[in-house]
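Contents: one structure, followed by commentary.
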């Protein structure tokens, strides 16, 4: 039995990504004001395709992360998040009763839609969207990794043309590229665009107060991405959440603060 192109593939190999993306989908399904997306006429459902496109691109994203300058954990997490949204939006027209995340995610006001009464290959649209995202979200990847993007995209494309038709694949690619571009353009407005260039901003003035951040043993005098918390969140409500109050700072060995600090140190 073939796996769903998107959800089953991620479930088997990337449980953390699945949890995040399913959470987004569950959130979207709670909005009764938006009608479910109906599969485009004349096109096979997304669930009829192999999981290979999703898993191969997820693996490629990890390769790119490992071979891209400046991709600290927060920067990498952001890129992976947007790549996941692009994957979903490239195939959601073929998933019955699922909804687009347009107007559900913070600032995502509109996205391209497939042409009416045209046949689409959702694996091809997903492939095209991921090519666009890989090239634009990981621009500092080394040359060897960049060549792997083109190589993977070409291999998948040729396989799809062999089992479909060039006209259908090209139409699907146009839709996928349009989705990728739209998601990437949206990503550029979140405050984290090109964060790989400012992991440790020299202009940041480290505050000094009891319990404040201190230079670490690796010689860093500026904390990583000190402004990252100002970035737009995927869900607007998350940006309004109030974090729990920190523990009272204390150097007393029997204090909760000292005990937590010591546990980390150990």
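Placing R0 at 51 angstrom, the Cβ-Cβ distance between residue 224 and residue 154 gives a FRET efficiency of 0.90 after rounding to 0.05. Annotation: average projected area of segment 41-95 is 4.1 square nanometres, based on the convex hull of Cα atoms across all directions.
Relative to its residue count, segment 168-266 spans a Cα convex hull of 193 Å³ per residue. Residue 200 to residue 166: FRET efficiency via 1/(1 + (r/R0)^6), r the Cβ-Cβ distance, R0 51 Å, to the nearest 0.05? E(calc), rounded to 0.05, equals 0.60. Treating r as the C-beta distance of residue 144 and residue 236 and R0 as 45 Å, the FRET efficiency rounds to 0.70.
Averaging Cα coordinates gives a centre for segment 52-112 and one for segment 204-266; these two points are 29 Å apart.
Values in this text are rule-based calculations from the coordinates and carry no lab data. All values reported here derive from a predicted model rather than from experimental measurement. Counting neighbours? That spans all protein chains shown, and the Cβs are built from the backbone with ideal geometry, glycine included.
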